[in-house]
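The values are calculated or read from the model by the stated rules, or taken from the named source; none is laboratory data. This one's a predicted model, so the numbers in the text were calculated from it and none came from an experiment. Please note: Cβ atoms are built from the backbone with ideal geometry, for glycine as well, and neighbour counts cover all protein chains shown.
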Amino acid sequence: MLKAAINSLSAHVWHSINSLIKDSISQEVARRYQLRFLVSMVQSYRTLELLCALKPRKQGQTIKSQVTKKILKRSDGRLNEKDLTLNLQRGFRIERVLNAIGTKWNVLDAIDTLTPCFFTSGQQIQAI
């Protein structure tokens, strides 16, 4: 009976640790995916800007406002201008960092505190 309890508890501890490790790996993969996704979104946004620049606009309408309107219309109300601006801001900042380090994703990947939220204005930077 004691042996069965020991085996059961040790198996439980092992499964808990194993689940924690898998969860940490999943979070890291998700973080890397989010950073790459935001940069990809910025690239698509720039292409959309170029295409909208070719299209006639109403007087007083900017290319940026035209692009924003197209994206928000396409989202069917699931995206608002504030969230779009926030994600674009993050993407532009990630892209600038990448350009500064020679587009080496492995540098960003190595620093686990660099989440998309890190690239938001007002982010408090703590001493590492």
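Below is a table of values for the structure above.
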| item | result |
| --- | --- |
| Some residue of the range 24-44 being more than 23 Å from Thr113 (Cβ to Cβ) and over 11 Å from the mean Cα position of the chain (by Cα) | yes |
| Scope the range 37-70; condition surrounded by 16 or more Cβ atoms within 10 Å (Cβ to Cβ) and either touching a residue at least 60 places away in the same chain (Cβ under 8 Å) or out of contact with any helix residue (DSSP H, G or I) (no Cβ under 7 Å at 6 or more places or on another chain) (or both); matching residues | Leu38 |
| Contacts under 8 angstrom Cβ, first residue in the range 83-96 being surrounded by fewer than 19 Cβ atoms within 10 Å (Cβ to Cβ), partner not in a helix (DSSP H, G or I) and not small (Gly, Ala, Ser), 6 or more apart | Leu86/Thr120; Gln89/Thr120 |
| Criterion violated by Leu98 - all others in (1) in a loop (DSSP other than H, G, I, E, B); (2) at pLDDT 95 or above; (3) not aromatic (Phe, Trp, Tyr) satisfied | (1) |
| Condition met for Ala30 (of a type in the set (A, V, I, L, M), assigned to a helix (DSSP H, G or I), without any contact (Cβ under 8 Å) to a residue 24 or more places away in the chain and within 27 Å of Glu95 (Cα to Cα)) | yes |
